[in-house]
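Here is the structure we will look at, set down as structure tokens.
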Amino acid sequence: QYVAVNGNLIDRKNAYIDIEDRGYQFGDGVYEVIRVYNGKMFTGNEHLERLWKSASSIGITIPHSREELKDLLEQLIQKNKLSLGTVYLQYTRGIAPRKHPFPSDDVKPTLVAYTKEVGRPEEKLHSGIKAIQTEDIRWLRCDIKSLNLLGNLLANQKAAEAGCDEAILNRDGRVTEGSHSNISIVKGGKIYTHPANNYILNGISRRVMLEICAREGIQVIEEPFTVKELQDADEIFLTGTTVEVMPVIELDGKSAGGGKPGPVTRKLQNWFKAEIENQCGR
Ligand SMILES: Cc1ncc(COP(=O)(O)O)c(CN[C@@H]2CONC2=O)c1O
């Protein structure tokens, strides 16, 4: 298995990170998870665009061009013979003696990227998943895809302990997103989803869903909905790189979202799959 460390493809067993890498000590860095279908990155450009945006939001200057990074990732996918899976990549602010202020400009960001074989969650896409709800205790820049994921992990761990796949977060009674997904509800044939502001990650899969709805004439209202509206929704679904369009059929141990994947969710799943085949082939 090869991994990319900085600009080089090396054997996984030779990949080491310095103990004073700021990503390791402070979570001082940004990341992306990109889906690979049929050996091709799905929405690769959009993910790289967001990576650059996240990096510049925290003052990290990525030391590669988008083309250089994309080529490196494509080489990594090829060398690891990855057909169906993900590429994980992150840039940290680099290695420097542990001090809060940023190091001098001669300290270069550290890049790590590696691939993983991950099948599509077919069974769960068909039957739907269970979720819990919990308070969104994260900071106020959730639009930055940073390595600071404790708020996400603690919520997801709570879900796992409850035998659920996702934790749906709420802030002052309004639903924001999942611990690693965006969330939408269907009510009266219309889709409601949190606006892409600082309270949520502007998910790429969420954007694909919005484009599909615009094309297919499904009305989407980008406004926060309440916990009560979530509980009374006709349908609930998550969107995300690893979950695609994922129905939620149970919330906090009670039936929700109609108790089974709904018709709008089903249509979105089919259109989303068509988009994947469009970009990555069958
Ligand atoms: C907090 C959060 N919100 C929304 C999303 C959905 O965004 P995308 O549609 O762009 O994936 C993710 C995906 N997080 C990645 C996806 O898989 N694992 C992760 O950490 C996320 O971590």
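Just so it is clear, none of the values below were taken in a lab; they were calculated from the coordinates. A quick note: this is a predicted structure, and the numbers were derived from the prediction, not measured. When we count neighbours, we look across all protein chains shown, and the Cβ atoms used for this are built from the backbone with ideal geometry, even at glycine.
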Residues Asp71 and Val107, FRET efficiency given R0 of 30 Å [Cβ-Cβ distance, rounded to 0.05]:
0.75
May I ask for the net charge around Tyr37, where only other residues with Cβ less than 10 Å from the Cβ of Tyr37 are counted and Lys, Arg are +1 while Asp, Glu are -1?
+4
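Under 1.5 on a/c is rounded, so check that first for the chain, then, if it is not, pick prolate when a/b is larger than b/c and oblate when it is not; a ≥ b ≥ c are the square roots of the alpha carbon gyration tensor eigenvalues. Intermediate values should be presented prior to the final figure.
Details: a/c = 1.99, a/b = 1.49, b/c = 1.34.
Prolate, because a/c is 1.5 or more and a/b exceeds b/c.
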Rounded to the nearest 20 Debye, what is the dipole magnitude of the chain about its Cα centre when Lys and Arg each give +1 and Asp and Glu each give -1 at the C-beta?
280
If you take the square roots of the eigenvalues of the alpha-carbon gyration tensor of the stretch 122-280 and sort them as a ≥ b ≥ c, do you get rounded (a/c under 1.5), prolate (a/b over b/c) or oblate?
rounded
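Does the stretch 1-68 come out rounded, prolate or oblate by the C-alpha gyration tensor, with a ≥ b ≥ c the root eigenvalues, rounded set by a/c under 1.5 and, if not, prolate when a/b is larger than b/c and oblate if not? Show your work: numbers first, answer last.
Values: a/c = 1.95, a/b = 1.09, b/c = 1.79.
Oblate, since a/c reaches 1.5 and b/c is not below a/b.
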I want the local charge near Leu125. Using Cβ-Cβ distances under 12 Å, sum +1 for each Lys or Arg and -1 for each Asp or Glu among the other residues.
0
Over the chain, relative contact order from alpha-carbon pairs under 8 Å, at least 6 apart, %:
18
Return the long-range amide H neighbours of Ile183 (sequence gap of 5 or more, or a different chain), with a cut-off of under 5 Å between placed amide H atoms.
Gly178, His194, Thr239
Cβ-defined net charge surrounding Arg22, 12 Å radius [Lys, Arg +1; Asp, Glu -1]
0
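Mind checking the dipole of the stretch 2-117: about its Cα centre, +1 per Lys or Arg Cβ, -1 per Asp or Glu Cβ, Debye to the nearest 20? Each step should come with its number before you reach the end.
Details: 16 positive and 15 negative charges, 59 e Å.
In debye, rounded to 20, the stretch 2-117 gives about 280.
What pairs in Lys158/Lys190; Lys158/Lys254; Lys53/Lys108; Lys70/Lys145; Lys190/Lys267 have C-alpha atoms more than 23 Å from each other?
Values: Lys158/Lys190 30 Å; Lys158/Lys254 17 Å; Lys53/Lys108 18 Å; Lys70/Lys145 18 Å; Lys190/Lys267 13 Å.
Beyond 23 Å between Cα atoms: Lys158/Lys190.
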Hey, what number do you get for the chain at 222 nm if only DSSP H runs of n ≥ 4 count, each worth -39500 (n - 2.57), divided across all residues, to the nearest 500?
-9500 deg cm²/dmol
To the nearest 10 degrees, how steeply does helix 44-57 sit against the main Cα axis of the chain, on a 0 to 90 scale?
70
At 0.36 nm per residue, and after removing the present C-alpha to C-alpha distance, how many nm does the segment from Asp232 to Asn8 gain when stretched out fully?
75.5 nm
Using alpha carbon centroids, what distance separates the stretch 148-166 and the stretch 235-272, in Å?
19
Quick one: length gained pulling Asn278 to Ala196 fully straight, 0.36 nm per residue minus the C-alpha distance?
27.0 nm
With axes computed from alpha carbons, what is the tilt in degrees of helix 204-216 against the longest principal axis of the chain, rounded to the nearest 10 within 0 to 90?
40
Could you please state, rounded to a whole Å, how far the C-alpha centre of the stretch 49-65 is from the C-alpha centre of the stretch 4-40?
15
Helix 263-280: angle to the longest alpha-carbon principal axis of the chain, degrees 0 to 90, nearest 10?
30
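Calculate, for Val118 and Ile58, the FRET efficiency according to 1/(1 + (r/R0)^6) with r their C-beta to C-beta distance and R0 41 Å; round to the nearest 0.05. Walk me through the numbers on the way to the answer.
Working: r = 28 Å, r/R0 = 0.67.
Calculated value: 0.90.
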What length, rounded to one decimal in nm, is gained on full extension from His100 through to Gln219, with 0.36 nm per residue of separation minus their alpha-carbon distance?
38.2 nm
Cleavage-rule hits (trypsin sites (Lys or Arg not before Pro)) in the stretch 57-93: DSSP loop, at most 15 neighbouring Cβ within 10 angstrom:
Lys81
Within 10 Å of each candidate Cβ there may be at most 13 other Cβ atoms; applying that plus a DSSP loop requirement, which chymotrypsin sites (Phe, Trp or Tyr not before Pro) in the stretch 133-234 survive?
Trp139
Simple spin-label estimate for Gln78 and Leu140 in nanometres, 7 Å along Cα-Cβ:
4.7
